[in-house]
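Read-outs throughout are calculated quantities, based only on the coordinates presented, and are distinct from any laboratory measurement. Keep in mind it's a predicted model, so treat the numbers as computed, not measured. Heads up, the Cβs are rebuilt from the backbone with ideal geometry, glycines too, and the neighbour counts pull from every protein chain shown.
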Amino acid sequence: MQNGSPLRILHCFRSPIGGIFRHVRDLAIEQSRAGHAVGILCDSSTGGVHEENLFNSIMPHLSLGLTRIPIDRSVSIRDVPVLWKSYKEIRSLRPDVLHGHGAKGGALARLAGTALRVNRYRVSRFYSPHGGSLHFNPKSLAGWAVFRLEKLQEWITDALVFVCEFERNTYRQKVGRIGIRNEVVYNGVGEADFELIPEKPDAVHFLYVGMLRDLKGPDVFIDAFAKTERILRRPLSGMMIGDGPQKDKYLQMMTMRGLGRRITMLPAMNIKDAFAASQTVVVPSRAESMPYIVLESLAAGKTVIASDVGGISEVLGAGNKALVEAGDADALAKIMAESLASLGWKAQHMPDRQKFHSVFSSNTMARRITALYHDLAGH
């Protein structure tokens, strides 16, 4: 993935949890392997033992180190000392590139980078929204303020990097016409994720992985599962893996529908173990941007059935029968039943593995982003 001369790259984001953290880890590893000096600046008050272990796993790739300072989620007067501390930490690292991820990370990177420029230090400033502020309603007062700030910050941004066309289109709709360089670079997964995971003999028919909250659609999964059984006129098996604030609600749903023995609910586990224990991954979300579970599932050779939300259709292909309208349990059940009853359904509707790999690998992701760095840094 070598692109021109080595760069000093600092990734800034708030919370080391979820998709942004996964994205930055993969990006940092690939950029380090390509010979660049990479560092991370993020919040010190979020994350637990699991996140600490993830940080430890990538420390050999962080030659610019890991800098953690308290960063609040909301905007407040407490941000002033945070900005000053961030500026001093960033200045000491002498980066060529500051890449902010998420609204707070984006603001820190761009404000600190602009302050460095005022002091005659050449640094390029990049921003990836990763959903973040784009989830606000533009008709609300908070949304209006957030999107005005996003637009103003374009003046101190060298380029925007979106994880899918859906995200870029949402930015245009809510923030306005983009007046600076912008690119879509899809999220990617590592080579280890492309290892085919064989199914166990007792693999369940359908798997849900994710937060146990209505936004992600666990209730739709349970409802569709029951309806799939009725369509096929036989009992099926399912598994739900994850944690969240509405777990008890979904357990009650399963009990009321008599599914307590046919759908197993388990806490978060190694995703490869989950794939080995299942045949088809169902992603019934009501809203998404570019979910990693879709990429990981396809990379591992799983069948995926998903809501047609966010950038998922950019992965599976627009009009794919594996896509259903969000929140429609009847439509989801119909496709779940077809996937079991129709011979060759997976081969017909899942993407070609070679083409998928060429677009959605972390190597491709990092190579394209780093090429953009070089282009705008003048290397």
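Normalised by residue number, the volume inside the convex hull of the Cα atoms of the range 27-99 is 95 Å³ per residue. Any chance you could tell me what percent of the C-alpha pair distances in the range 167-262 go past 21 Å? So the portion of pairs separated by more than 21 Å is 56 percent. If you average the C-alpha positions of the range 22-61 and of the range 78-146 separately, how far apart do those two centres end up, in angstrom? Cα centroid to Cα centroid, the span is 19 Å.
What residue among A329, A347, A34 shows peak mean-square fluctuation when the chain is described by a Gaussian network model with Cα springs under 10 Å? It is A347.
Remark: relative contact order (the range 1-155) = 23 percent; criterion is Cα-Cα distance under 8 angstrom and separation of 6 or more residues. Considering only P267, P129, P291, the mean-square fluctuation computed in a Gaussian network model of the chain, springs between alpha carbons under 10 angstrom, is largest for P267. Put in line by how crowded their Cβ is, counting other Cβ atoms within 10 Å and starting with the fewest, D330, D223 read D330, D223.
If the limit is 32 Å between Cα atoms, which of K151/K249; K88/K216; K151/K355; K104/K216; K104/K139 go over it?
Pairs exceeding 32 Å: K151/K249; K88/K216; K151/K355.
Across all directions, the shadow cast by the convex hull of the range 206-272 built on its C-alpha atoms averages 4.3 square nanometres.
The calculated pair-distance distribution of the range 192-358 uses every alpha carbon pair, bins of 5 angstrom beginning at 0, and gives 2, 9, 19, 24, 23, 15, 6, 1, 0, 0 percent.
Calculate the all-directions average of the projected area of the chain's alpha-carbon convex hull, and give it in nm². Please report the intermediate quantities before stating the final value.
Details: hull surface 76.1 nm².
That works out to 19.0 nm², a quarter of the Cα hull's surface.
Please rank F275, F225, F166, F55, fewest neighbouring Cβ atoms within 10 Å first, as an exposure proxy.
Details: F275 24, F225 27, F166 21, F55 18.
In increasing order of surrounding Cβ atoms, one gets F55, F166, F275, F225.
Here S307, S140 are placed in order of increasing Cβ neighbour count within 10 Å, fewest first, which gives S140, S307. Here is the tail figure for the range 274-379: Cα pairs spaced more than 17 Å apart come to 57 percent of all pairs.
In the chain, once you exclude exposed GluC sites (Glu not before Pro) (DSSP loop, at most 13 other Cβ within 10 angstrom), what's the longest stretch remaining? The reported range is 1-194.
Taken about its Cα centre, the chain carries a charge dipole of about 860 debye when Lys and Arg each add +1 at the Cβ and Asp and Glu each add -1 at the Cβ.
Within the listed set H11, H135, H99, the Gaussian network model of the chain (springs between alpha-carbon atoms below 10 Å) gives the highest mean-square fluctuation for H135. Spin-label model, E52/N270: points 7 Å from Cα along the beta carbon direction are separated by 2.2 nm. Normalised radius of gyration (Cα atoms, divided by 2.2 N^0.38 Å) for the range 65-166: 1.08.
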